[in-house]
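> Structure in structure tokens, see below.
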Amino acid sequence: MKAVGRTGVAVAALAVVGGAAYGVTHLPGEDGGAVAEQRLRAKPEAAASPSRSAAAEAAAVAGGKPFTLVGTGDIIPYPSIIQRAADDSAEGGGYDFRKIFAGVKPLVSAADLAICHHEIPYGRPGGPYTGYPLFKAPHQLADALADSGYDSCSTASNHTLDDGYDGLVRVLDNLDRVGIRHVGSGRSAEEAKAPALLEAGGAKVAQLDYTYGTNGVPLPAGKPWAVNLIDQERIVSDARAARAAGANVVVLSVHWGSEWQTAPDKQQLDLAQALTASRGADGLPDIDLILGTHNHVPQPYEKVNGTWVVYGMGDQVASFYEAQKARGNMSSVPRFTFAPAAAHPGRWEVVKAEYLTQYSDMRPPFRVVCTSCEASTASADSTYAAADREVTRAVMSRGAGEQGLTRATK
């Protein structure tokens, strides 16, 4: 397991329920992809037996403790960013993205769980690497994400298939290589169906991920499961399956909405309302948190039916040079603290909701900056202070401040 500045965090598979096991390992396949092998990978003490009673399960997590979960927005390496990574590399012809992420590494690595959104595929080693409309990035990006401290990445987006099925496989193979979990796309039907499985504070956390589409690129022939598409019934079914398999917390990552629009659109509002209203037989929510991506700009946070929804974080790594698209270089970083729910043994709930602000600074050398951290100092760069205000305005535009959301500075 990867551990960067963490204590008490382990990646574990969920319980076996009804003969089905979550937790998938991968073996090399003939097409350079992978063959899924179902097996339970939980620590013995973390796995719940099918015959284990609810009381026993509750007792097992009674010693649980609070944990923090951080999410970040879309990672889109445009050619200028890829060139920066090449310039930062100590090896000729290599790509080093670590310096680009260095400014946000402290807040990512300090979180008990950190989730990224991996927007684009990897090209073949050596390139060519391309930008819009069909992205292909160097696979060394995965090394920088691991170095920054990410535990899991969502991978379902409108660009997942920009380099076909092979590009999708390269991403998942390299995330596996560096020890980062992933969800949203798959090399097999079993992998595509399974959530990303994490553990923190004694809680089992399941992450799900879906996208509105793939920019008209058809799903690979014979592989209709390769990318998870938004389907309300499927999302609820998958969340309930994860819960039945032992998840104490279910986090939904979703690629949705309208690009360049700060306000959530009808799809976002309707789906958020339906999913947060969905309850299991115990009357408790099927989904505990929704993290949105795709919109390029920061969007509001809002509590819907008692559940926090981040409609859109914005792009974490981007390089928009046009003045009218300056907001595309700004994003928010949600940080939620979960703690055992005293009234509901075996469940965790959000007890603290925070956000930080972030900016892709295109001035040489290109770096991603935590602007709420910088803007709080007396010597704040005016560009960072302006970005902090702009992101804050968007995040708070639907009354999240009155619902308990606060701005953090570290």
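> Only one residue in 362, 396 is more than 30 Å from residue 80 (Cα to Cα) and not acidic (Asp, Glu), so which one is that? Step through it out loud before you land on a result.
Details: 362 fails: more than 30 Å from residue 80 (Cα to Cα).
Result: 396 is the single residue among 362, 396 that is more than 30 Å from residue 80 (Cα to Cα) and not acidic (Asp, Glu).
> Just to be sure, is residue 217 touching a Gly at 6+ places or on another chain (Cβ under 9 Å) and either assigned to a loop (DSSP other than H, G, I, E, B) or in contact (Cβ under 8 Å) with a residue 24 or more places away in the chain (or both)? Quick ask: steps written out before the conclusion?
Working: touching a Gly at 6+ places or on another chain (Cβ under 9 Å): yes; either assigned to a loop (DSSP other than H, G, I, E, B) or in contact (Cβ under 8 Å) with a residue 24 or more places away in the chain (or both): yes.
Here the answer is yes, as residue 217 does meet what is asked.
> Restricting to region 317-360, what's the tally of residues that are more than 30 Å from residue 243 (Cα to Cα) and either in contact (Cβ under 8 Å) with a residue 24 or more places away in the chain or of a type in the set (A, V, I, L, M, F, W, C) (or both)?
Of the residues in region 317-360, the ones more than 30 Å from residue 243 (Cα to Cα) are 317-331, 357-360.
From what is left, the residues that are either in contact (Cβ under 8 Å) with a residue 24 or more places away in the chain or of a type in the set (A, V, I, L, M, F, W, C) (or both) are 317-321, 323, 325-331, 357-360.
Of the residues in region 317-360, 17 are more than 30 Å from residue 243 (Cα to Cα) and either in contact (Cβ under 8 Å) with a residue 24 or more places away in the chain or of a type in the set (A, V, I, L, M, F, W, C) (or both).
> Which one of these is at pLDDT below 95 and either crowded, with 20+ Cβ neighbours inside 10 Å or in a helix (DSSP H, G or I) (or both): 383, 377? Show your work before the answer.
Values: 377 fails: either crowded, with 20+ Cβ neighbours inside 10 Å or in a helix (DSSP H, G or I) (or both).
That would be 383, the only listed residue that is at pLDDT below 95 and either crowded, with 20+ Cβ neighbours inside 10 Å or in a helix (DSSP H, G or I) (or both).
> State whether one or more residues within region 161-173 are among the aromatic types (Phe, Trp, Tyr), touching a His at 6+ places or on another chain (Cβ under 8 Å) and over 17 Å from residue 313 (Cβ atoms).
Our first condition is that a residue be among the aromatic types (Phe, Trp, Tyr); within region 161-173, this holds for 165.
Now restrict to residues that are touching a His at 6+ places or on another chain (Cβ under 8 Å): none.
Looking through region 161-173, none of the residues is among the aromatic types (Phe, Trp, Tyr), touching a His at 6+ places or on another chain (Cβ under 8 Å) and over 17 Å from residue 313 (Cβ atoms).
> Looking at residue 276, is it β-branched (Val, Ile, Thr) and in contact (Cβ under 8 Å) with a residue 60 or more places away in the chain? Lay out the reasoning, then the answer.
Values: β-branched (Val, Ile, Thr): yes; in contact (Cβ under 8 Å) with a residue 60 or more places away in the chain: no.
Criteria not met by residue 276.
> List the number of the failed condition for residue 119; all other conditions in (1) without any contact (Cβ under 8 Å) to a residue 60 or more places away in the chain; (2) closer than 22 Å to residue 359 by Cα hold.
(1)
> Please give the strands (runs of 3 or more DSSP E) falling wholly within region 254-349 in which 3 or more residues are over 15 Å from the mean Cα position of the chain (by Cα) and modelled with pLDDT of 95 or more. Please lay out each step first, then the result.
Details: elements: 289-293, 301-304, 307-310, 315-317, 330-340.
Those strands (runs of 3 or more DSSP E) span 301-304, 330-340.
> Among the residues that make up region 390-409, is at least one of them out of contact with any helix residue (DSSP H, G or I) (no Cβ under 9 Å at 6 or more places or on another chain), closer than 21 Å to residue 260 by Cα, outside any loop (DSSP other than H, G, I, E, B) and modelled with pLDDT of 95 or more?
Yes.
> Kindly provide the set of residues from region 62-104 that are in contact with a strand residue (DSSP E or B) (Cβ under 8 Å, 6 or more places away or on another chain) and among the hydroxyl-bearing types (Ser, Thr, Tyr), ordered by number.
68, 72
> Given (1) hydrophobic (A, V, I, L, M, F, W, C); (2) more than 22 Å from residue 336 (Cα to Cα); (3) in a loop (DSSP other than H, G, I, E, B), where does residue 192 come up short, assuming only one miss?
Here residue 192 meets the rest and fails (3).
> Mind listing just one residue for me: the one in region 141-184 that is among the β-branched types (Val, Ile, Thr) and touching a Gly at 6+ places or on another chain (Cβ under 9 Å) and, of those, surrounded by the fewest Cβ atoms within 10 Å (Cβ to Cβ)? Can you show your working first?
Residues of region 141-184 among the β-branched types (Val, Ile, Thr): 155, 160, 169, 171, 178, 180, 183.
Now restrict to residues that are touching a Gly at 6+ places or on another chain (Cβ under 9 Å): 155, 160, 169.
On the way: 155: 28, 160: 29, 169: 23.
Going through the qualifying residues, I end up with 169.
The values are calculated or read from the model by the stated rules, or taken from the named source; none is laboratory data. Computed from a prediction, not measured in an experiment: that's the story for all the values here. Virtual Cβ from ideal backbone geometry, glycine too; neighbours counted across all protein chains shown.
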